[in-house]
Amino acid sequence: MKLFEKMKLARENKDHIAFGKLLSEEYTFVRHQTGTAMSKDETLAMIEGFFNSDAFNVESHRCIYENDDILVEHMVIAFPDNSREAVLAAYTKKNDLLIRCETGATKVG
């Protein structure tokens, strides 16, 4: 099973523990809003909050491209503050784990 399929299943099941197993210990998430970096633990705390919120909803989720080195996904996300964003995420992979993610987002109506 490709990493994208595992990620999507973890999101659908709202299972932050399964999601965390896909991340390398050196994982870094670069926030598109600020350009600041978050560690694996910081990212998982954010993901757990999203998964536990009924107001957070991934409206569409698809894989653009995945190989042994990179995974690119696209999502439309509805956030708890009632905003919606189209998010493009590029993940760097190493040893079959995600090691880095950078995102870009556009607000949608």
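For region 12-35, check the following and say yes or no: at least one residue is small (Gly, Ala, Ser), over 23 Å from LYS94 (Cβ atoms), in a loop (DSSP other than H, G, I, E, B) and modelled with pLDDT under 95.
Taking region 12-35 as the starting set, the residues that turn out to be small (Gly, Ala, Ser) are 18, 20, 24, 35.
Next, from what is left, pick out any that are over 23 Å from LYS94 (Cβ atoms): none.
No; the residues of region 12-35 include none that is small (Gly, Ala, Ser), over 23 Å from LYS94 (Cβ atoms), in a loop (DSSP other than H, G, I, E, B) and modelled with pLDDT under 95.
Every residue in region 38-56 that is assigned to a loop (DSSP other than H, G, I, E, B) and surrounded by 12 or more Cβ atoms within 10 Å (Cβ to Cβ), please.
SER53, PHE56
Going by the structure shown, is GLU66 modelled with pLDDT of 95 or more and in contact with a Phe, Trp or Tyr (Cβ under 6 Å, 6 or more places away or on another chain)?
Yes: the conditions hold for GLU66.
Exactly one condition in (1) farther than 16 Å from HIS74 by Cα; (2) part of a helix (DSSP H, G or I) is not met by LYS6; state its number.
(1)
Test GLU59 against the stated conditions and say whether it is assigned to a strand (DSSP E or B), loosely packed, with under 12 Cβ neighbours inside 10 Å, touching a strand residue (DSSP E or B) at 6+ places or on another chain (Cβ under 8 Å) and charged (D, E, K, R).
Yes; evaluated as a whole, the condition is true for this residue.
Based on this model, can you work out whether MET38 counts as modelled with pLDDT of 95 or more and among the hydrophobic types (A, V, I, L, M, F, W, C)?
Judged against the criteria, MET38 is a match.
Which one is surrounded by the most Cβ atoms within 10 Å (Cβ to Cβ) among residues in region 20-37 that are out of contact with any Cys (no Cβ under 9 Å at 6 or more places or on another chain) and either without any contact (Cβ under 8 Å) to a residue 24 or more places away in the chain or polar (S, T, N, Q) (or both)?
For region 20-37, the residue satisfying everything is SER24.
I'd like to verify a number: residues in region 62-109 that are closer than 19 Å to LYS21 by Cβ and either free of Cβ contacts under 8 Å to residues at least 12 places away in the same chain or surrounded by 15 or more Cβ atoms within 10 Å (Cβ to Cβ) (or both), how many?
Qualifying residue count for the region: 13.
The values are calculated or read from the model by the stated rules, or taken from the named source; none is laboratory data. Keep in mind that this is a model prediction, so the values were computed, not measured. Counting neighbours? That spans all protein chains shown, and the Cβs are built from the backbone with ideal geometry, glycine included.
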